[in-house]
Amino acid sequence: MFSRRMTFLIVMLVPILGSGDHARAEIRSDLKEKSYLVSGTSAMAVAAFMRRRPFRGDYGPAIANIRPRYTHTFKTDQRKDHCRVTDFRLSIDFTMTLPKARNRQAFDRRTLSAWRSLRGFTRRHELVHRKIYLGCAKRMEWAVLKLRPRYCGGIGRQIRMILNEEKKACKERHLAFDRREINRLKYHRFFELARRQRESERARLSRRIPLGQGAARNGRLLFFVAE
């Protein structure tokens, strides 16, 4: 399922002054790309396939997705009156899944151009989600470095609580971004082409069905085409 592997390594070292010493924080990010394979030789057929068999996204059916996997390590320093984190390292392994056409070689020129445009749209969209995740990671980092519990014993649990709370807040940022983008996807020229092809197919089929046949049969056929 891997179409290719893309690896980006982002390292952010942040010195934080505290009691004359430096606290260090580091965020590492790795990105791998996978394919969501779709079938069909026309825009209409591909769009119908994606409606029937969508990719399982984080918040429901999708045509593309990016998922993070977090790991973290930390070191602490017990002072006379408090504990603090001196070295926090957060790693995020991203898996980005983009649609890939099985029958791309059968596309006509217009369909191929629209498909390439859709692929580019989904890639840019998911990379914005990645940027949002990294922004949330930055907030996690600062919150962890500000911790000053009395003792170091329970600091690991406090760090996990910070990470979980920031993930929840981050979800709202992702959903807000998706709401802003939904119309751009809905009216993307690939799906506009699919709708035009569907209407053309409906018209062709209606001409082939003799008058007097049952409306239920006619309606079912058109519904099937619309799918």
Next item on the list: Assess whether residue 111 counts as being among the β-branched types (Val, Ile, Thr), open to solvent by less than 30 Å² (accessible area, probe 1.4 Å) and farther than 30 Å from residue 168 by Cα.
Entry: yes
Next item on the list: Just give me the residues in the range 177-191 being open to solvent by 30 Å² or more (accessible area, probe 1.4 Å) and either without any contact (Cβ under 8 Å) to a residue 24 or more places away in the chain or under 16 Å from residue 127 (Cβ atoms) (or both), in sequence order.
Entry: 178, 179, 180, 182, 183, 184, 185, 186, 187
Next item on the list: Determine which single condition residue 121 fails, assuming it passes every other condition in (1) open to solvent by less than 60 Å² (accessible area, probe 1.4 Å); (2) modelled with pLDDT of 95 or more; (3) closer than 30 Å to residue 24 by Cβ.
Entry: (3)
Next item on the list: Collect the residues in the range 136-158 that are over 19 Å from residue 81 (Cα atoms) and surrounded by 12 or more Cβ atoms within 10 Å (Cβ to Cβ), keeping them in residue-number order.
Entry: 136, 137, 138, 139, 140, 141, 142, 143
Notebook entry, point to check: In the range 64-82, how many residues are touching a helix residue (DSSP H, G or I) at 6+ places or on another chain (Cβ under 7 Å), open to solvent by 30 Å² or more (accessible area, probe 1.4 Å) and not in a strand (DSSP E or B)?
Noted result: 0
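Here are some residues: 122, 95. Which one is over 30 Å from residue 145 (Cα atoms), of a type in the set (S, T, N, Q) and either assigned to a strand (DSSP E or B) or in contact with a Pro (Cβ under 7 Å, 6 or more places away or on another chain) (or both)?
Criteria check complete, one pass: 122.
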Next item on the list: Select from the range 50-63 the residues that are part of a helix (DSSP H, G or I) and surrounded by 19 or more Cβ atoms within 10 Å (Cβ to Cβ) and list them in ascending order.
Entry: 50
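The values are calculated or read from the model by the stated rules, or taken from the named source; none is laboratory data. Quantities reported herein were computed from a predicted structural model and do not represent experimental measurements. Counting neighbours? That spans all protein chains shown, and the Cβs are built from the backbone with ideal geometry, glycine included. SASA here: full protein model, heavy atoms, side chains in, ligands and nucleic acids out. Shrake-Rupley method; radii C 1.70, N 1.55, O 1.52, S 1.80 Å.
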